[in-house]
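Novice: Mind looking over this structure? Questions follow.
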């Protein structure tokens, strides 16, 4: 296709993807409590408020705790399952793998409603534990897919060599397999962490009235009066996502991870 | 040791924990939801145990029908827009150098991971009177005075496309990057123009991934909840909004569950369809 036309098209897409972020960034710098773009007067006061006012600090803390713990739980589920599936070809492990992938394919409202019904029945509705475990299950797909990819990248010869040298399967796992999948675990964790920070509907349905996460806080702020702090949170989230995925892109194999995350190659 | 059958009960141990977790916190919640959908709602209280098909009978109401038709319409519209823009875009980035590809992928994944709350907030600003693009048009002399475009139908469409576009690209990325680079080249050597090559060779050989992507994006946009809620008026609500509204604000969990079960069956049928479509592979993969 024509080169200039292609450039124009790519520029159009870039503007489409970037303009909401640019406007939010501009609005976050307003001096007064108003949302003008271009901003009227420049100030970083709203960023200070985000990290000092308890109304915003509590959701920040909640979100960070939930994202960290739920990603750890998700990894703890994904690692043995991916390992088992790679090592043994057995039907019920495949069924479990499909189960692990389905929360990602189904519309999130459905999974969220299932969690709501479950936690209400168990009696933990409104507790942070409920949000943590729900997020871990909801996002287990990501570490499951990335870690499986890590196992697939291990060559048989290396393991055979280790066994020939006399290592039993525990030693092989600890000294050969684990170090090779570690970087895939890190990217699985990173994906999980970022998505959990940004997740709204599950967190809201499971304990939205008691455990306020940042997206819930922003949503509530949308209803009861806009403030530039919302824009500051958004900017912080964009930067954090760009930083984390930038690091994966720099040190990991993002094109390969993307090739695997898409449903087309799920075999 | 790879690919063999597990010997003895002890070798099954590693899978015990993930199995228990997935069954306890995914299968059982689903079971409870399906069960609740048959329960009888008690106004003011939660619900009573019952086997009641009323919740499903209530699906055949005018409101539910209207919301369902609207959800399907707007999701189909967004799926078509996203694939129409996303397919050439993905084709271009797969032909770029690896470094440039990574930069684009980082941008796309970052946008995709953004909370729908933030996306809706950003678009409500972008389409607003005080901070919106209409100010830019006024400044350029294209419009008389700034206007507000949100909430509205096109605001919802924009927001949904914004969320679905990166997803579309990531779904299209693997088949397009696997496309044999010599194929378009050969077509051009044989005298086809670049535009003709794109439509007949690239689009033509990837017909089934395109259809599969259309369905995947359709299901994905059906699931968006916050965008119609924030950028639309009540007549722009989708099924996801209706379910949440019923569950949280009207505390009618049985009816919400019945809608969710119906919604799940529709989505599963569509996902199953993509698998059938995906089996008919393009010629380059034979």
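Novice: Quick check on this structure: which one of A:87, A:94 is within 11 Å of another protein chain (Cβ to nearest Cβ) and over 30 Å from residue B:199 (Cβ atoms)? Give the derivation first.
Specialist: Numbers: A:94 fails: within 11 Å of another protein chain (Cβ to nearest Cβ).
Step by step, each of A:87, A:94 is checked, and only A:87 is within 11 Å of another protein chain (Cβ to nearest Cβ) and over 30 Å from residue B:199 (Cβ atoms).
Novice: While we're looking at this one, here's another question. Mind checking which residues of region B:215-270 are touching a strand residue (DSSP E or B) at 6+ places or on another chain (Cβ under 7 Å) and more than 7 Å from chain A (Cβ to nearest Cβ)?
Specialist: Taking region B:215-270 first, the residues touching a strand residue (DSSP E or B) at 6+ places or on another chain (Cβ under 7 Å) are B:252-255.
B:252, B:254, B:255, listed by residue number.
Novice: I'd like to check which helices (runs of 4 or more DSSP H) are fully inside region B:165-256 and have at least 2 residues that are under 20 Å from the mean Cα position of the chain (by Cα).
Specialist: The helices (runs of 4 or more DSSP H) meeting that bar are B:207-222, B:226-231, B:239-244.
Novice: Another question about this same structure. So in region B:109-136, with the set limited to residues that are under 15 Å from the mean Cα position of the chain (by Cα) and not in a helix (DSSP H, G or I), which one is farthest from the other protein chains (Cβ to nearest Cβ)?
Specialist: The extreme case among them is B:114.
Novice: Something else about it: Suppose the filter is over 24 Å from the mean Cα position of the chain (by Cα), in a loop (DSSP other than H, G, I, E, B) and away from chain B (no Cβ under 14 Å); does residue A:49 pass it?
Specialist: Values: over 24 Å from the mean Cα position of the chain (by Cα): yes; in a loop (DSSP other than H, G, I, E, B): no; away from chain B (no Cβ under 14 Å): yes.
Criteria not met by residue A:49.
Novice: Please tell me if residue A:173 is in a helix (DSSP H, G or I) and over 30 Å from residue A:83 (Cα atoms).
Specialist: It is false that residue A:173 is in a helix (DSSP H, G or I) and over 30 Å from residue A:83 (Cα atoms).
Novice: Next question, about the same structure. Tell me, please, whether a residue that is touching a residue at least 24 places away in the same chain (Cβ under 8 Å), buried (at least 20 other Cβ atoms within 10 Å of the Cβ), under 27 Å from residue B:269 (Cβ atoms) and out of contact with any strand residue (DSSP E or B) (no Cβ under 7 Å at 6 or more places or on another chain) can be found in region B:196-207.
Specialist: Narrowing region B:196-207 to residues touching a residue at least 24 places away in the same chain (Cβ under 8 Å): B:198, B:202-203, B:205-207.
So of that shortlist, the ones also buried (at least 20 other Cβ atoms within 10 Å of the Cβ) come out as B:206.
With under 27 Å from residue B:269 (Cβ atoms) added as a condition, the list becomes B:206.
Still in the running and out of contact with any strand residue (DSSP E or B) (no Cβ under 7 Å at 6 or more places or on another chain): B:206.
The answer is yes, given that some residue of region B:196-207 is touching a residue at least 24 places away in the same chain (Cβ under 8 Å), buried (at least 20 other Cβ atoms within 10 Å of the Cβ), under 27 Å from residue B:269 (Cβ atoms) and out of contact with any strand residue (DSSP E or B) (no Cβ under 7 Å at 6 or more places or on another chain).
Novice: While we're looking at this one, here's another question. Of the residues in region B:89-108, how many are closer than 20 Å to residue B:160 by Cβ and either assigned to a loop (DSSP other than H, G, I, E, B) or within 7 Å of chain A (Cβ to nearest Cβ) (or both)?
Specialist: Matching residues across region B:89-108 total 2.
Novice: All but one of (1) within 7 Å of chain B (Cβ to nearest Cβ); (2) free of Cβ contacts under 8 Å to residues at least 12 places away in the same chain; (3) touching a helix residue (DSSP H, G or I) at 6+ places or on another chain (Cβ under 9 Å) hold for residue A:109; state the number of the condition that does not hold.
Specialist: Residue A:109 satisfies every listed condition except (2).
Novice: Then there's this: From the residues in region A:228-245 that are at the interface with chain B (Cβ under 8 Å from one of its Cβ atoms) and either within 13 Å of the chain's Cα centre (by Cα) or within 16 Å of residue A:191 (Cβ to Cβ) (or both), which one is surrounded by the fewest Cβ atoms within 10 Å (Cβ to Cβ)?
Specialist: A:242
Novice: Here's another thing I want to ask about it. Has region A:162-185 got any residue that is surrounded by fewer than 23 Cβ atoms within 10 Å (Cβ to Cβ), at pLDDT 90 or above, over 17 Å from residue A:64 (Cβ atoms) and under 14 Å from the mean Cα position of the chain (by Cα)?
Specialist: Yes, that holds for at least one residue.
Novice: Okay, next question. Restricting to region B:257-278, what's the tally of residues that are surrounded by 17 or more Cβ atoms within 10 Å (Cβ to Cβ), more than 14 Å from the chain's Cα centre (by Cα) and closer than 18 Å to residue B:172 by Cα?
Specialist: Selection size over region B:257-278: 2.
The values are calculated or read from the model by the stated rules, or taken from the named source; none is laboratory data. Remember, it's a predicted structure, so these values are computed and weren't measured experimentally. Every residue, glycine among them, receives a Cβ derived from its backbone with ideal geometry; neighbour counts consider all protein chains shown.
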